[in-house]
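Handing you this structure, nothing more for now.
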Amino acid sequence: MSEKIKIVIVGGGVGGYPAAIRAARMGAEVTLIERADLGGTCLNRGCIPTKALLQAGNVIETMKESELYGIKCKGYELDFGAAMARKDAVVSQLCNGVKSLLGAKKVKVIKGTASFVDARTLQIAETGEKVQGDKIIIASGSIPSRIPIEGIDHPDVMDSDKVLEMKTLPKSVVIIGGGVIGVEFAQYLNSMGCAVTIIEMMPHLVFGVDKEIAELLQKLVVKSGVKVITGASVKSIANKKTENIVTYAAGDKTETVSGEKVILTVGRKPDFSLLNIEKIGVKTEKGAIVVNEYMETNVPNVYAVGDVIGGIMLAHLASAEGECAVQNALGHKEAMKYKAVPACIYTSPEVASVGLTEEKAKESYDVQVGRFPMRGVGKALVVNDVEGMVKIVVDKKYGEVLGVHIIGPHATDMIAEAVLGMNMEMTVEELAHTIHPHPTISEAVMEAALTLCGGAIHMP
């Protein structure tokens, strides 16, 4: 019987732990090294805790409109500590689940800080233990980015990690950065009664999302009570006892806005600072580890996946890259495919997309665009969530679906249909004539496709 291949994975987040489980299932001897908490940023300081708090905000919004359904709620009281405790309980349960899954597959888990001794050996800083592997996968993730401005280091200026550790709800916050993280924070803080201002450098929020969808989201965020300032560059932060004054430039004007706290959400950057990758000559570019389509670095038998390679920093993509790296490490040649990677924003309404935006598609194709408003969907009216649309971008020549963009209720759940379809090179005709269940929000996807195939049923 041949000896098992030894795989060592650095990082127990969503890039690392699924890779460990996949490698174990495929017969490898697996060691996983994690210096903090299993589950990484996603489970502990990102995807899961933020969604738990967004859900608390959603409950508040439901209570506010309960009379619409004939249910009178005589006020409510937010217990911020209890909301944070529930968030922590959800995180704890999922992290314990990861630990159990790794144990069930006999993955050896080492808690400690790894650094390269050579291309096959890592040393644990805390214990001096040396761990050898035939293949090594780097999945060390990312950390919040910072910007070099005056006042950025004051304790009242929090990154995304610190926000999730708050003990009390601030009366007001200024959020620097109107990307996905900033907008999600704004949503639940606003729902909980905190006055929120977002300052964004780009022309609109969530820049990079299809422009039409992003502009509609911004309109609805503003309607909800969040103040949004776009096209603005932050110059300084000054602490004045109980408030912080943020100075920003917009056009030829310099103005200020104040908040009890300031939240910095200007993205994330790859983190391999403690790994000593220079020792073995791993190539980096623009602060990220360089890999090929097989997730291989320039050093033989050393792979890298997830946020540490830059690009699209999404949990589900990191997991897919991790599994791809394992397949290649164990001799099954498989290229990573990036054609249909979904992206989601868990605001209200939700936003989800896959494939090319209308703007990007027009650079390479003659396109058609199909749209259908949520107002035309019976289920959306039932749940009183009629803001939004489904937008489908199609190659006019062959009818292939190039991109699907949804803003509305359950958008993040519905996008999976489009992901599967695009992976199978679906045409808009195939999507239009796929029977969708009634009454569901998903009918909007079918109707949007039908607008390009003879006309939607529920549109004049």
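Select from region 375-386 the residues that are farther than 29 Å from Lys397 by Cα and among the small types (Gly, Ala, Ser) and write down the one among them that is farthest from the chain's Cα centre (by Cα). Quick ask: steps written out before the conclusion?
Step one: list which residues in region 375-386 are farther than 29 Å from Lys397 by Cα, which gives 375, 377-386.
Then keep just the ones that are among the small types (Gly, Ala, Ser); that gives 378, 380.
Numbers: Gly378: 30, Ala380: 25 Å.
By that ranking, first place goes to Gly378.
If you go through region 268-299, how many residues are more than 25 Å from Gly208 (Cα to Cα), among the acidic types (Asp, Glu) and surrounded by fewer than 17 Cβ atoms within 10 Å (Cβ to Cβ)?
Residues in region 268-299 being more than 25 Å from Gly208 (Cα to Cα), among the acidic types (Asp, Glu) and surrounded by fewer than 17 Cβ atoms within 10 Å (Cβ to Cβ): 1 in total.
So, of the residues in region 240-283 that are at positive phi and touching a residue at least 40 places away in the same chain (Cβ under 8 Å), which turns out to be farthest from the chain's Cα centre (by Cα)? Outline the logic, then answer.
So in region 240-283, the residues at positive phi come out as 241, 251, 267, 276, 281.
Retained after the next criterion (residues that are touching a residue at least 40 places away in the same chain (Cβ under 8 Å)): 267, 276.
Numbers: Gly267: 11, Asn276: 28 Å.
Out of the qualifying residues, it is Asn276.
Separate question: What strands (runs of 3 or more DSSP E) lie completely within region 115-168 and have 1 or more residues being touching an Asp or Glu at 6+ places or on another chain (Cβ under 8 Å) and under 20 Å from Gly322 (Cβ atoms)? Give the derivation first.
Working: elements: 121-124, 130-132, 135-138, 142-144, 157-159.
Hits in region 115-168: 142-144.
Which residue pairs have Cβ atoms closer than 7 Å, lie 6 or more positions apart in sequence or on different chains, and pair a first residue in region 438-460 that is within 9 Å of Lys379 (Cβ to Cβ) and assigned by TED's automatic domain parsing to the domain that holds Lys397 with a second residue that is of a type in the set (Lys, Arg) and in a helix (DSSP H, G or I)?
Pro439/Lys379; Thr440/Lys379; Ile441/Lys379
Within region 426-460, restricting attention to residues that are touching a helix residue (DSSP H, G or I) at 6+ places or on another chain (Cβ under 7 Å) and of a type outside the set (A, V, I, L, M, F, W, C), which residue is surrounded by the most Cβ atoms within 10 Å (Cβ to Cβ)?
In the first step, residues of region 426-460 are kept if they are touching a helix residue (DSSP H, G or I) at 6+ places or on another chain (Cβ under 7 Å); the result is 428, 431-432, 434, 436, 439-442, 444-447, 449-450, 452-453, 456-459.
Still in the list and also of a type outside the set (A, V, I, L, M, F, W, C): 434, 436, 439-440, 442, 447, 458.
Details: Thr434: 14, His436: 15, Pro439: 12, Thr440: 16, Ser442: 20, Glu447: 23, His458: 14.
Among them, the one singled out is Glu447.
Let me ask something additional. Of the conditions (1) assigned to a helix (DSSP H, G or I); (2) farther than 30 Å from Val131 by Cβ; (3) in contact (Cβ under 8 Å) with a residue 60 or more places away in the chain, Leu78 satisfies every one except a single condition; which number is it?
Going through the list (1) assigned to a helix (DSSP H, G or I); (2) farther than 30 Å from Val131 by Cβ; (3) in contact (Cβ under 8 Å) with a residue 60 or more places away in the chain, Leu78 breaks only (1).
Considering only residues that are among the β-branched types (Val, Ile, Thr) and farther than 13 Å from Ala320 by Cα, which ones fall in region 337-354? First the steps, then the outcome.
From region 337-354, those among the β-branched types (Val, Ile, Thr) are 341, 345, 347, 351, 354; that's our starting set.
Within region 337-354, Ile345, Thr347, Val351, Val354 qualify.
Taking region 142-180 as the search range and keeping residues that are closer than 23 Å to Leu54 by Cα and among the acidic types (Asp, Glu), which one is surrounded by the most Cβ atoms within 10 Å (Cβ to Cβ)? So that I can check it myself, show each step before the final result.
Filtering region 142-180 down to residues closer than 23 Å to Leu54 by Cα leaves 142-145, 156-180.
Cutting the leftovers down to among the acidic types (Asp, Glu) gives us 156, 159, 161, 165.
Numbers: Asp156: 17, Asp159: 19, Asp161: 14, Glu165: 11.
Looking at residues that are closer than 23 Å to Leu54 by Cα and among the acidic types (Asp, Glu), I get Asp159.
Tell me which residues, restricted to region 323-347, are closer than 15 Å to His405 by Cα and not in a strand (DSSP E or B).
Quick first cut of region 323-347, residues closer than 15 Å to His405 by Cα only: 339-347.
Selection gives Lys339, Ala340, Val341, Pro342, Tyr346, Thr347.
Still on this model: Taking region 300-319, which residues are surrounded by fewer than 18 Cβ atoms within 10 Å (Cβ to Cβ) and hydrophobic (A, V, I, L, M, F, W, C)? Spell out how you get there, then give the answer.
Of region 300-319, the ones surrounded by fewer than 18 Cβ atoms within 10 Å (Cβ to Cβ) are 300-301, 311-312, 316.
Result: Ile312, single match.
Moving on to the next point. Output the residues belonging to region 146-158 that are within 21 Å of the chain's Cα centre (by Cα) and at pLDDT 95 or above.
Listed by number, the list holds a single entry, Met158.
Something else now. Answer with yes or no whether Ile175 is assigned by TED's automatic domain parsing to the domain that holds Leu38 and not charged (D, E, K, R). Let's see the steps before the verdict.
Values: assigned by TED's automatic domain parsing to the domain that holds Leu38: no; not charged (D, E, K, R): yes.
Spelling it out, it is not the case that Ile175 is assigned by TED's automatic domain parsing to the domain that holds Leu38 and not charged (D, E, K, R).
I've got another one for you. For region 322-374, give me the residue count where each residue is within 22 Å of the chain's Cα centre (by Cα) and under 26 Å from Ser140 (Cβ atoms).
Total meeting the criteria: 13.
Among the listed residues Gly370, Gly322, Gly331, which satisfies the condition of being surrounded by fewer than 18 Cβ atoms within 10 Å (Cβ to Cβ) and of a type in the set (Gly, Ala, Ser)?
Working: Gly370 fails: surrounded by fewer than 18 Cβ atoms within 10 Å (Cβ to Cβ); Gly322 fails: surrounded by fewer than 18 Cβ atoms within 10 Å (Cβ to Cβ).
None of the other options fit; the residue is Gly331.
With respect to Ser92, determine if the residue is among the hydroxyl-bearing types (Ser, Thr, Tyr), surrounded by fewer than 21 Cβ atoms within 10 Å (Cβ to Cβ), more than 28 Å from Pro409 (Cβ to Cβ) and without any contact (Cβ under 8 Å) to a residue 12 or more places away in the chain.
Values: among the hydroxyl-bearing types (Ser, Thr, Tyr): yes; surrounded by fewer than 21 Cβ atoms within 10 Å (Cβ to Cβ): yes; more than 28 Å from Pro409 (Cβ to Cβ): yes; without any contact (Cβ under 8 Å) to a residue 12 or more places away in the chain: yes.
Criteria met by Ser92.
If you check Leu94 against the conditions, is it more than 26 Å from Ala125 (Cβ to Cβ) and in contact with a Leu (Cβ under 6 Å, 6 or more places away or on another chain)?
Values: more than 26 Å from Ala125 (Cβ to Cβ): yes; in contact with a Leu (Cβ under 6 Å, 6 or more places away or on another chain): yes.
Judged against the criteria, Leu94 is a match.
Kindly provide the set of residues from region 284-305 that are of a type outside the set (Asp, Glu), over 23 Å from the mean Cα position of the chain (by Cα) and part of a strand (DSSP E or B), ordered by number.
Thr284, Val302
Conditions (1) free of Cβ contacts under 8 Å to residues at least 12 places away in the same chain; (2) of a type in the set (Val, Ile, Thr); (3) touching a strand residue (DSSP E or B) at 6+ places or on another chain (Cβ under 6 Å); (4) in a loop (DSSP other than H, G, I, E, B), marked per residue:
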residue: Leu189; (1), (2), (3), (4): no, no, yes, no
residue: Ile198; (1), (2), (3), (4): no, yes, yes, no
residue: Glu212; (1), (2), (3), (4): no, no, no, no
residue: Val222; (1), (2), (3), (4): yes, yes, yes, no
residue: Gly225; (1), (2), (3), (4): no, no, no, yes
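Of the residues in region 90-114, how many are part of a strand (DSSP E or B) and either under 18 Å from Lys6 (Cβ atoms) or touching a Ser or Thr at 6+ places or on another chain (Cβ under 6 Å) (or both)?
Let us first name the residues in region 90-114 that are part of a strand (DSSP E or B), namely 108-111, 114.
Filter again for either under 18 Å from Lys6 (Cβ atoms) or touching a Ser or Thr at 6+ places or on another chain (Cβ under 6 Å) (or both), leaving 108-110, 114.
Of the residues in region 90-114, 4 are part of a strand (DSSP E or B) and either under 18 Å from Lys6 (Cβ atoms) or touching a Ser or Thr at 6+ places or on another chain (Cβ under 6 Å) (or both).
The values are calculated or read from the model by the stated rules, or taken from the named source; none is laboratory data. Fair warning: this is a prediction, and the values are worked out from it, not measured in the lab. Cβ sites come from the backbone with ideal geometry, for glycine too, and all protein chains shown count toward neighbours.
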